[in-house]
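Taken together, the values in this text are just the output of simple stated rules run on the coordinates, not laboratory data. Computed from a prediction, not measured in an experiment: that's the story for all the values here. Heads up, the Cβs are rebuilt from the backbone with ideal geometry, glycines too, and the neighbour counts pull from every protein chain shown.
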Amino acid sequence: MRLQVMGKRLLLANVEGQFFLVQEMCSHEDVSLYLGCLQGKTLKCSLHGSRFDLSTGQPLDEPADEPLQIYPVRVENGQIFLSST
Ligand code: FES
């Protein structure tokens, strides 16, 4: 799911009930990861195929060599909140 929070374009992924919030755009080039492929906690960019670990933001493959910005979230009473840590 795409979100815009305080002017930032983000992606929210639900992996078996665990939520991950990361920047929408790939760290390699200015391409949305929205059309990428989600496999477990790994998100694969649709353009050059770099995979990112959603729990850390780290790229697992070249050509991306910069991590995605991640935003910790917590779920309370069915609502998702950005965590301050
Ligand atoms: S644009 Fe995502 S890996 Fe190149």
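A few notes on this one:
- For region 56-72, 3J(HN,Hα) per residue [Karplus equation, 6.51 cos²θ - 1.76 cosθ + 1.60, θ = phi - 60°, Hz, x = Gly/Pro]: 10, x, 6, x, 9, 9, 6, x, 5, 10, 10, x, 7, 6, 10, 10, x
- Computed from the Cβ-Cβ distance with R0 of 22 Å, the FRET efficiency linking Val5 to Ser55 stands at 0.70.
- Counting neighbouring Cβ atoms within 10 Å and putting the fewest first, the residues His28, His48 line up as His48, His28.
- Cα centroid of region 5-29 to Cα centroid of region 38-85, whole Å: 6 Å
- Amide H contacts of Leu68 (H built 1.01 Å from N, in plane; Pro and chain starts excluded): Gln58 sit under 5 Å, all sequence-distant by 5 or more or on other chains.
- Applied to region 21-34, the Karplus parametrisation 6.51 cos²θ - 1.76 cosθ + 1.60 on θ = phi - 60° returns per-residue 3J(HN,Hα) values of 10, 9, 4, 6, 8, 4, 7, 7, 9, 7, 10, 5, 8, 4 Hz, with x for Gly and Pro.
- Listed residues Cys26, Cys37, Cys45, most fluctuating in the chain (Gaussian network, C-alpha, under 10 Å): Cys37
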